[in-house]
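Everything on this sheet refers to the single structure shown next.
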Amino acid sequence: MDPLLDKLLVYLIVFAVGGGLCAIAQLLIIKTKLTPARILVIFLLVGVVLEGIGVYKPLNEFCQAGISVPIIGFGAALTRGAIEYAKQIGILGALGGGLIRTSLGIGTAVVMSYIVTLIFSPRSK
Amino acid sequence: MEKNDLNQRYEDYVASVTPKTGTFHSLWNSFWIGGVTCVLAQGIGDIYYALFPHLGKDLIVNYTSMTIIALAILFTGFGFFDVIARKGGAGSFLPITGFANAMASASMEFKTEGLIMGTSVKMFTVVGPVIVNGVVWSAVAGMINLLLAGGA
């Protein structure tokens, strides 16, 4: 197949899967009155389970950013790290592996939030 | 009983004044906003991969999420993200950008209470549950995996 068409198909899958997951979350909000925080945790746990049973990797190869950008990807990355680090240094590695693998993202979020807070004033809503 | 009645009347009142956003409309909004967020991330990743192929996939995935997290927090600072969040619902908070926005907005909101007791404490009010549950259950999954696989 034409590589450009191939790329287009990937982007279409990313859009459909990412959007679909968000629509499911939105449907949960409307139908069950779960708070966003609970929904985030539920999707995070879905990622943990998917990675734990080894299904996430093939899914990610197919859906790419469509599944890794929603919070499912964060749960999967934490679990991937915990599993890998536990294999490297033993069972206690599972306690730190998740944070090690996601540390760049979490660190960026904390530092950037702090900088933005210093620069901008809170606006009234 | 009296109190329940009052609560019920209050809930009816709230339901009557809450603007009715159609279910389909809000689903569509979260669908396309979430989809566009993922496509943007995919695009940034592809650009990084084209420019710096020697970095390897893992590092590029990391740099991509760092980029979209930083962008989302900047958007929060400038106040653009509120516009997206009001429209997008789950489309704006489910992607990792929403996680970043929740952190930055809580941290900005409590700036008035000081950088230590305000910003530093409240930064994790929304994302705390995600990080705590993520660390705990990923650790459990890692241990189970090791026990079952026997370190193989």
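Helix by helix through chain A, keep the DSSP H runs that span 30 Å or more along the axis on Cα and average at least 1.0 on Kyte-Doolittle, and give those back in order.
On the way: long enough: A:3-32 (43 Å, 1.74); A:94-119 (37 Å, 1.53).
Membrane-span-like by this criterion, though nothing is claimed about a membrane: A:3-32, A:94-119.
Using the Kyte-Doolittle scale, find the helices of chain B whose mean hydropathy is at least -1.0 and whose Cα atoms extend 15 Å or more along the helix's long axis, counting only whole DSSP H runs.
B:23-51, B:57-78, B:96-109, B:128-149
Looking at this model, which pairs from A:K33/B:K122; A:K33/B:K111; A:K87/B:K57; A:K7/A:K33 are more than 32 angstrom apart at the alpha-carbon? The partial results should precede the final answer.
Details: A:K33/B:K122 24 Å; A:K33/B:K111 30 Å; A:K87/B:K57 21 Å; A:K7/A:K33 38 Å.
Checking Cα-Cα distances, A:K7/A:K33 exceed 32 Å.
Give, as a single signed number, the net charge of other residues whose beta carbon lies under 12 Å from the beta carbon of B:S120, with Lys and Arg counted +1 and Asp and Glu -1. Walk me through the intermediate numbers first.
Values: positive: B:K111, B:K122; negative: B:E113.
That sum, taken over residues with Cβ under 12 Å, equals +1.
Distances over 27 Å make up what percent of all Cα-Cα pairs in chain A?
Tail fraction, whole percent: 35.
State whether the range B:1-142 is rounded, prolate or oblate according to the following rule on the C-alpha gyration tensor (a ≥ b ≥ c being the square roots of its eigenvalues): a/c under 1.5 gives rounded; otherwise a/b larger than b/c gives prolate, and the remaining case gives oblate.
Verdict is prolate for the range B:1-142.
State the three equivalent ellipsoid semi-axes of the protein assembly as shown, derived from the C-alpha gyration tensor as the square roots of 5 times its eigenvalues, in descending order and whole Å.
On the way: eigenvalues 197, 107, 93 Å².
So the three semi-axes of the protein assembly as shown are 31, 23, 22 Å.
Between B:V83 and A:F120, how many nm apart are label points set 7 Å from Cα along the C-beta direction?
The modelled label-to-label distance comes out at 1.2 nm.
In a shell of Cβ-Cβ distance under 10 Å around A:A94, excluding A:A94 itself, what net charge do Lys and Arg (+1) and Asp and Glu (-1) give?
That works out to 0.
Using helices alone, I'd like the mean residue ellipticity at 222 nm for the protein assembly as shown: each DSSP H run of four-plus residues gives -39500 (n - 2.57), total over residue count, nearest 500.
Theoretical 222 nm ellipticity from helices: -26500 deg cm²/dmol.
Out of residues 5 or more away from B:G79 or on other chains, whose amide H comes under 5 Å of its own, with H placed 1.01 Å from N in the peptide plane?
Result for B:G79 returns nothing.
Above 20 Å lies some portion of the pair distances; for the range B:61-152, what is it as a whole percent of all C-alpha pairs? Don't skip to the answer; put the middle values down first.
Working: 2063 of 4186 pairs.
Roughly 49 percent, rounded to a whole number.
Taking 0.36 nm per intervening residue step and subtracting the Cα-Cα distance, what contour gain separates B:L59 from B:T125 on full extension?
Value of the extension gain: 20.8 nm.
Would you calculate the separation in nanometres between label points at B:S16 and A:Q88, each defined as 7 Å from the Cα along the Cα-to-beta-carbon direction?
Inter-label distance under the simple model: 6.3 nm.
Would you mind calculating the gained length between B:F24 and B:I116 on full extension (0.36 nm times residue separation, minus the Cα-Cα distance), in nm to one decimal?
Residue separation times 0.36 nm, minus the Cα-Cα distance, leaves 28.8 nm.
Can you give the FRET efficiency for B:L6 and A:T35, using 1/(1 + (r/R0)^6), R0 = 22 Å, r = Cβ-Cβ distance, to the nearest 0.05?
0.40
FRET efficiency for A:F62 and A:L27, Cβ-Cβ distance as r, R0 = 25 Å, nearest 0.05?
About 0.65, to the nearest 0.05.
Only the coordinates and a few stated rules stand behind these numbers; no lab work does. In this text, all values refer to a predicted model and were calculated from it rather than measured experimentally. Glycine also receives a Cβ, built like all others from the backbone with ideal geometry; neighbour counts cover every protein chain displayed.
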